[in-house]
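Asker: Just passing along the structure, written as structure tokens.
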Amino acid sequence: MTARDLELRVAGPDDAGDLAAFAEHMFRDTFGADNRPEDMDAYCGAAFAVERVRRELADAARHTVFAMLAGELVGYAQLRAGPPPAFVTGAAPLEILRFYIARAWHGRGIADALMAHVIDAADQRGARTLYLAVWEHNHRAAAFYARHGFARVGSIAFLLGTDPQTDDVMARAVR
């Protein structure tokens with residue numbers, strides 16, 4: 001299978017169980033080796049609880065899209081409207097809150113296709129600026145975002161369980 005076989009579909013509240021399980025798996029797979037298990041457990045227990053995910057999927061301020069291959073969830077992205085950090089100065093900002101591709105599909109065009117969808121969805125929602133936060137130690141993701149026109153504009157604190165961390169904030173014009 002290739003990116004040409006990719007199906008992108010908007011997720012809704014009925015997808016909460018699938019998304020909660022997948023999102024937690026992606027988060028642990030991405031960050032688990034570099035963080036204490038108790039901090040991962042605390043964060044994941046709160047962030048990926050099925051009822052919380054269901055509320056997020058029902059929230060009109062969010063747009064969540066699944067990347068599917070032959071019926072298998074291989075990635076997802078979530079946009080969120082809300083006040084940006086003060087240093088995100090572009091017009092009409094919209095946040096890419098989450099963007100994950102299963103490790104087995106890295107480098108196969110899935111992330112590029114999903115990013116193209118996210119940019120189009122942001123444009124359709126009237127956004128003129130996209131921004132996101134990426135852990136300062138996640139160099140692979142930061143390089144991917146830079147390749148898609150994002151540039152570092154600042155940093156914010158991120159609390160993983162009891163561990164204060166730093167996320168770089170990157171932004172770009174939608175078009």
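The values are calculated or read from the model by the stated rules, or taken from the named source; none is laboratory data. What you are looking at is a predicted structure, and each value in this text was computed from that prediction instead of being measured. Note that each Cβ is placed from the backbone with ideal geometry, even for glycine, and that neighbours are counted across all protein chains shown.
Asker: Which of the residues belonging to segment 3-23 are among the hydrophobic types (A, V, I, L, M, F, W, C) and either in contact (Cβ under 8 Å) with a residue 60 or more places away in the chain or under 18 Å from Cys44 (Cα atoms) (or both)? Lay out the reasoning, then the answer.
Answerer: Taking segment 3-23 first, the residues among the hydrophobic types (A, V, I, L, M, F, W, C) are 3, 6, 8, 10-11, 16, 19-23.
Result: Ala3, Leu6, Leu8, Ala11, Ala16, Leu19, Ala20, Ala21, Phe22, Ala23.
Asker: If a residue has to be among the hydroxyl-bearing types (Ser, Thr, Tyr) and surrounded by 20 or more Cβ atoms within 10 Å (Cβ to Cβ) to count, how many in segment 12-71 make the cut?
Answerer: Here is the first cut: in segment 12-71, the ones among the hydroxyl-bearing types (Ser, Thr, Tyr) are 30, 43, 64.
Of the ones still in play, those that are also surrounded by 20 or more Cβ atoms within 10 Å (Cβ to Cβ) are 43, 64.
Of the residues in that region, 2 qualify.
Asker: Quick test for you: out of Val88, Val134, pick the one residue that is β-branched (Val, Ile, Thr), at pLDDT 95 or above, crowded, with 17+ Cβ neighbours inside 10 Å and part of a loop (DSSP other than H, G, I, E, B). Quick ask: steps written out before the conclusion?
Answerer: Details: Val134 fails: part of a loop (DSSP other than H, G, I, E, B).
Testing whether each residue is β-branched (Val, Ile, Thr), at pLDDT 95 or above, crowded, with 17+ Cβ neighbours inside 10 Å and part of a loop (DSSP other than H, G, I, E, B) leaves just Val88.
Asker: Look at Gly149 and say whether it is surrounded by 12 or more Cβ atoms within 10 Å (Cβ to Cβ), on the phi > 0 side of the Ramachandran plot and either not β-branched (Val, Ile, Thr) or not in a strand (DSSP E or B) (or both). Show your work before the answer.
Answerer: Numbers: surrounded by 12 or more Cβ atoms within 10 Å (Cβ to Cβ): yes; on the phi > 0 side of the Ramachandran plot: yes; either not β-branched (Val, Ile, Thr) or not in a strand (DSSP E or B) (or both): yes.
For Gly149, the condition - surrounded by 12 or more Cβ atoms within 10 Å (Cβ to Cβ), on the phi > 0 side of the Ramachandran plot and either not β-branched (Val, Ile, Thr) or not in a strand (DSSP E or B) (or both) - is met.
Asker: Identify all residues within segment 152-168 that are outside any strand (DSSP E or B) and either surrounded by 15 or more Cβ atoms within 10 Å (Cβ to Cβ) or free of Cβ contacts under 8 Å to residues at least 40 places away in the same chain (or both); write none if there are none. Let's see the steps before the verdict.
Answerer: First, pick out the residues of segment 152-168 that are outside any strand (DSSP E or B): 161-162.
Listed by number, the list holds a single entry, Gly161.
Asker: Could you pull out the residue among Leu132, Leu114, Leu79 that is in contact (Cβ under 8 Å) with a residue 60 or more places away in the chain, within 22 Å of Phe48 (Cβ to Cβ) and of a type in the set (A, V, I, L, M, F, W, C)? Before you say what the answer is, go through the steps one by one.
Answerer: Numbers: Leu132 fails: in contact (Cβ under 8 Å) with a residue 60 or more places away in the chain; Leu79 fails: in contact (Cβ under 8 Å) with a residue 60 or more places away in the chain.
Answer to the selection: Leu114.
Asker: State whether the residues of segment 65-74 include one that is without any contact (Cβ under 8 Å) to a residue 24 or more places away in the chain, in contact with a strand residue (DSSP E or B) (Cβ under 9 Å, 6 or more places away or on another chain) and among the small types (Gly, Ala, Ser). Explain how you work it out, then say what you get.
Answerer: Filtering segment 65-74 for residues without any contact (Cβ under 8 Å) to a residue 24 or more places away in the chain gives 71-72.
In the following step, the residues that additionally are in contact with a strand residue (DSSP E or B) (Cβ under 9 Å, 6 or more places away or on another chain) were identified as 71.
Right, trim to among the small types (Gly, Ala, Ser) and you get 71.
Within segment 65-74, one or more residues are without any contact (Cβ under 8 Å) to a residue 24 or more places away in the chain, in contact with a strand residue (DSSP E or B) (Cβ under 9 Å, 6 or more places away or on another chain) and among the small types (Gly, Ala, Ser).
Asker: Something else: Run down Ala171, Ala116, Ala141, Ala111 and say which single residue is modelled with pLDDT of 95 or more, farther than 30 Å from Gly45 by Cβ, outside any strand (DSSP E or B) and not acidic (Asp, Glu). Break it down stepwise before answering.
Answerer: Values: Ala171 fails: outside any strand (DSSP E or B); Ala141 fails: farther than 30 Å from Gly45 by Cβ; Ala111 fails: farther than 30 Å from Gly45 by Cβ.
Answer to the check: Ala116.
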